[in-house]
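*Asks:* One structure is given below, represented as structure tokens, and several questions about it will come after.
The values are calculated or read from the model by the stated rules, or taken from the named source; none is laboratory data. If you're wondering where the values come from, they're calculated on a predicted model, not measured in any experiment. Using ideal geometry, Cβ is built from the backbone for each residue, glycine included, and neighbour counts are taken over all protein chains shown. Keep in mind that these areas ignore ligands, DNA and RNA; they rest on the heavy atoms of the full protein, side chains included. Shrake-Rupley method; radii C 1.70, N 1.55, O 1.52, S 1.80 Å.
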Amino acid sequence: MKRLYNINKWLIIITLLLYLTFYFGFMAQIVLGIAQITMSILILFNYSKLSISLKKLFITYLILAISAISIYVIKLTIDKSDFSFFLLFTVATMLLALFHLYITYKIQQS
């Protein structure tokens, strides 16, 4: 679990750098999302080993991630051509990715 932070950090750095090309940034964010979902599953398997404060952070992250995915799916069923929502969602999910990075950083320190 200690290596999750380094993997997460480099994936975020690569994603942010690829956003300079805009299109490749979106593709990298998909890879980052899949990696963070995989990391979250690993954290769930080791949930009992986390401190109480880390458990609260992780539960908060899960609630926010599930909410973001749900909002996105609902919005897609209503209106598929809303580019401003797409940009807002992209920024929101990158903020969520940075929150996940913070959680893996705290896990690494514990």
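*Asks:* Test each condition in (1) without any contact (Cβ under 8 Å) to a residue 24 or more places away in the chain; (2) over 15 Å from the mean Cα position of the chain (by Cα); (3) open to solvent by less than 90 Å² (accessible area, probe 1.4 Å) for ILE78 and report the one that comes out false.
*Replies:* Failed condition: (3).
*Asks:* Right, next: Please indicate, with yes or no, whether at least one residue in the stretch 46-65 is closer than 18 Å to ILE7 by Cα and out of contact with any helix residue (DSSP H, G or I) (no Cβ under 8 Å at 6 or more places or on another chain).
*Replies:* Checked against the condition, which is being closer than 18 Å to ILE7 by Cα and out of contact with any helix residue (DSSP H, G or I) (no Cβ under 8 Å at 6 or more places or on another chain), the stretch 46-65 yields at least one hit.
*Asks:* Still on this structure, please answer the following. Could you list, in sequence order, all residues of the stretch 55-75 that are of a type in the set (A, V, I, L, M) and open to solvent by 50 Å² or more (accessible area, probe 1.4 Å)?
*Replies:* Within the stretch 55-75, the first condition is being of a type in the set (A, V, I, L, M), and the residues that meet it are 57, 59, 62-66, 68-69, 71, 73-74.
Hits for the stretch 55-75 are ILE59, ILE63, LEU64, ILE66, ILE69, ILE71, VAL73, ILE74.
*Asks:* Specify the residue that is farthest from the chain's Cα centre (by Cα); the eligible residues are those in the stretch 81-94 that are in a helix (DSSP H, G or I) and surrounded by 11 or more Cβ atoms within 10 Å (Cβ to Cβ). Steps first, answer last, please.
*Replies:* Narrowing the stretch 81-94 to residues in a helix (DSSP H, G or I): 83-94.
Checking which are surrounded by 11 or more Cβ atoms within 10 Å (Cβ to Cβ) leaves us with 85-86, 88-90, 92-94.
Values: PHE85: 18, PHE86: 16, LEU88: 15, PHE89: 12, THR90: 11, ALA92: 10, THR93: 6, MET94: 7 Å.
Per the stated criteria, the residue is PHE85.
*Asks:* Condition (residue is open to solvent by less than 80 Å² (accessible area, probe 1.4 Å), of a type in the set (A, V, I, L, M), under 16 Å from the mean Cα position of the chain (by Cα) and more than 23 Å from PHE86 (Cβ to Cβ)) applied to the stretch 25-34: is it met by at least one residue?
*Replies:* No, the stretch 25-34 contains no residue that is open to solvent by less than 80 Å² (accessible area, probe 1.4 Å), of a type in the set (A, V, I, L, M), under 16 Å from the mean Cα position of the chain (by Cα) and more than 23 Å from PHE86 (Cβ to Cβ).
*Asks:* Determine if the stretch 42-57 includes at least one residue that is touching a residue at least 24 places away in the same chain (Cβ under 8 Å) and within 11 Å of the chain's Cα centre (by Cα).
*Replies:* No, there is no match, as no residue in the stretch 42-57 is touching a residue at least 24 places away in the same chain (Cβ under 8 Å) and within 11 Å of the chain's Cα centre (by Cα).
*Asks:* Is it the case that the stretch 20-27 has a residue that's touching a Phe, Trp or Tyr at 6+ places or on another chain (Cβ under 6 Å) and of a type in the set (Gly, Ala, Ser)?
*Replies:* To start, the set of residues in the stretch 20-27 that are touching a Phe, Trp or Tyr at 6+ places or on another chain (Cβ under 6 Å) comprises 25.
Subsequent filtering for residues that are of a type in the set (Gly, Ala, Ser) retains 25.
Yes, that holds for at least one residue.
Here is a yes/no grid of residues against (1) of a type in the set (Ser, Thr, Tyr); (2) free of Cβ contacts under 8 Å to residues at least 24 places away in the same chain; (3) in contact with a helix residue (DSSP H, G or I) (Cβ under 6 Å, 6 or more places away or on another chain):
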residue: MET1; (1), (2), (3): no, no, yes
residue: LEU11; (1), (2), (3): no, no, yes
residue: THR21; (1), (2), (3): yes, yes, no
residue: PHE24; (1), (2), (3): no, yes, yes
residue: GLY33; (1), (2), (3): no, no, no
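*Asks:* Collect the residues in the stretch 52-110 that are closer than 16 Å to PHE26 by Cβ and aliphatic (A, V, I, L, M), keeping them in residue-number order.
*Replies:* Within the stretch 52-110, ALA68, LEU76, LEU87, LEU88, VAL91, ALA92, MET94, LEU95, LEU96, ALA97 qualify.
*Asks:* For the stretch 14-23, name all the residues that are open to solvent by 80 Å² or more (accessible area, probe 1.4 Å) and under 17 Å from the mean Cα position of the chain (by Cα).
*Replies:* ILE14, LEU16, LEU17
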